[in-house]
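One structure is given below, encoded as structure tokens.
What follows is calculated from the coordinates using simple rules that are stated; it is not laboratory data. This one's a predicted model, so the numbers in the text were calculated from it and none came from an experiment. Ideal geometry is used to build each Cβ from the backbone, glycine not excepted, and the neighbour counts take in all protein chains shown.
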Amino acid sequence: MLMTYTSPELPTAAESVEPADLPVGSRHLKPDGVSGEETQSTFELQFYSCREMLHFIACRILTSVDVAETAVKNCHLTASRNPPRFQNEGAFKSWLVRILIDEATLLLRRK
């Protein structure tokens, strides 16, 4: 399955990306009856559809684009370790925002 997206540190929309080319840590356990690749692809698609929103929120909390990007990356790694099996897209976004806020808070404490 191919997907395209835009981001400052990720491939441009003109470049195709295979799920195996996505950041390390995005592989996770699969639910019964679903292939690991299908589960990974679904999670990655959901995450990257929320990426712009997460980056905006991180920039508002951290006031630095570089540190905000670090928070989004940390959010992706944390979320990919234990991906949810939400039926509702809103619940998935809320879950990601909560993880992002926690990651941003940790980065603020380290300053």
Starting at 0 and stepping by 10 Å, how many percent of the alpha carbon pairs of the range 40-111 end up in each bin? 21, 56, 21, 2
For the pair Glu52 and Asn82, how long in nm is the line joining their label points, each one 7 Å along Cα→Cβ? 3.1
What ranking do Val97, Val72 get, fewest neighbouring Cβ atoms within 10 angstrom at the top? Val97, Val72
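I need Asp66, Asp102 ordered by Cβ neighbour count within 10 Å, fewest first.
Sorted ascending by nearby Cβ count, the order is Asp66, Asp102.
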